[in-house]
Amino acid sequence: MGLNPDTTAHTEPRGKATTDTEPLIRLKGIRKSFGESVVLDGVDLTIGRGEALAIIGPSGTGKSTILRIIAGLLAPDDGEIYVQGQKREGLVEDAKDPVGIGMVFQQAALFDSLNVYENVGFSLFQHSRLSAEEIRKMVDQKLEMVGLPGIGDRFPAQLSGGMRKRVSFARAIMEDPNDPASHPEVLLYDEPTAGLDPIASTVIEDLIRNLQCNAGGCSTYVMVTHQDSTIRRTADRIIFLYRGRVHWEGTVDDIDTTDHPMVRQFFSGLVEGPIQVAH
């Protein structure tokens, strides 16, 4: 598959995020409702440069909504968003953030009618002045980074689920060499290992850590996931979200020592507990 699934994911020690006074991203009092349903209810969140943050919690508690708000794809009903100290006004299409933010969607979101070269290089074909040959070389470099050399002429239907995920990673870290601001400094992963078998999940987990450490990758990321192995192998810090509010924050090591009832119930899979299960 191009990557060794036995490679240890933690290529850097945990907790290596910088201690800069100003977080890379800060959310203050974020609220979001869809109709009568309150999805986020006053969420405060900071993301430090070089940090690997996992947002966990039961389904339907606003985790993916937070990612879309951070990405600038969705506007909150109330609250403030700061990117590198600069307050964001509107959506990402209204004004550029001071740092690039890329998003990897749960279903990879590839264009079925385009081959891998065209999918990964899509933004460059649309918005850059690079030649097709230059773009192809850059796509080859990114495919090599995600462990998929030589598949540029294939179409999404010819790829496994894990390969499609990795192609979407390559697309997320694509940049225009003539526009330094196009390099994503933050990656947002929405359930990157959902639907994958354990071995394919390990490959993706290792890749996420490798991209964090690679000069051509992305040093900061936020991930939404339910999978225990993904949480433990790719996160430095964890926040637990339930009913639109942050109820717990800790490190991976805290998972097995905390007495917080919601965290204990979530990782044990018990039906009985403070988390109400829909029947």
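Laboratory data are not the source of any read-out in this text; all were calculated from the coordinates shown. What you see is a predicted model; the values in this text were computed from it and never measured. For neighbour counting, all protein chains shown are included, and Cβ atoms are generated from backbone atoms with ideal geometry for every residue, glycine included.
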**Request:** Among residues belonging to the stretch 192-208 that are among the charged types (D, E, K, R) and either within 19 Å of residue 120 (Cβ to Cβ) or crowded, with 21+ Cβ neighbours inside 10 Å (or both), point out the one that is nearest to the chain's Cα centre (by Cα).
**Result:** 205
**Asked** Looking at 275, 208, which is the one that is hydrophobic (A, V, I, L, M, F, W, C), more than 22 Å from residue 164 (Cα to Cα) and in contact with a strand residue (DSSP E or B) (Cβ under 9 Å, 6 or more places away or on another chain)?
**Response** 275
**Message:** Looking at 43, 104 in this structure, which one is closer than 22 Å to residue 226 by Cα, of a type in the set (Val, Ile, Thr) and in contact with an Asp or Glu (Cβ under 8 Å, 6 or more places away or on another chain)?
**Reply:** 104
**Request:** Could you check how many residues of the stretch 169-215 are over 22 Å from residue 57 (Cβ atoms), among the small types (Gly, Ala, Ser) and touching a residue at least 12 places away in the same chain (Cβ under 8 Å)?
**Result:** 5
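Is it true that some residue in the stretch 150-160 is within 17 Å of the chain's Cα centre (by Cα) and touching a residue at least 12 places away in the same chain (Cβ under 8 Å)?
no
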**Fill in**
If we keep only residues of the stretch 123-135 that are outside any loop (DSSP other than H, G, I, E, B) and surrounded by fewer than 17 Cβ atoms within 10 Å (Cβ to Cβ), then the residue nearest to the chain's Cα centre (by Cα) is 123
**Request:** Take the stretch 213-242 and flag every residue that is hydrophobic (A, V, I, L, M, F, W, C), touching a Pro at 6+ places or on another chain (Cβ under 9 Å) and part of a loop (DSSP other than H, G, I, E, B).
**Result:** 218
**Asked** residue 163 is checked against (1) surrounded by 14 or more Cβ atoms within 10 Å (Cβ to Cβ); (2) over 30 Å from residue 65 (Cβ atoms) and fails just one. What number does that condition carry?
**Response** (2)
**Complete:** Residue pairs qualifying under the 8 Å Cβ cut-off, at least six apart or on distinct chains, with the first in the stretch 245-270 being aromatic (Phe, Trp, Tyr) and the second being in a helix (DSSP H, G or I), are 248/262; 248/263; 267/228; 267/255
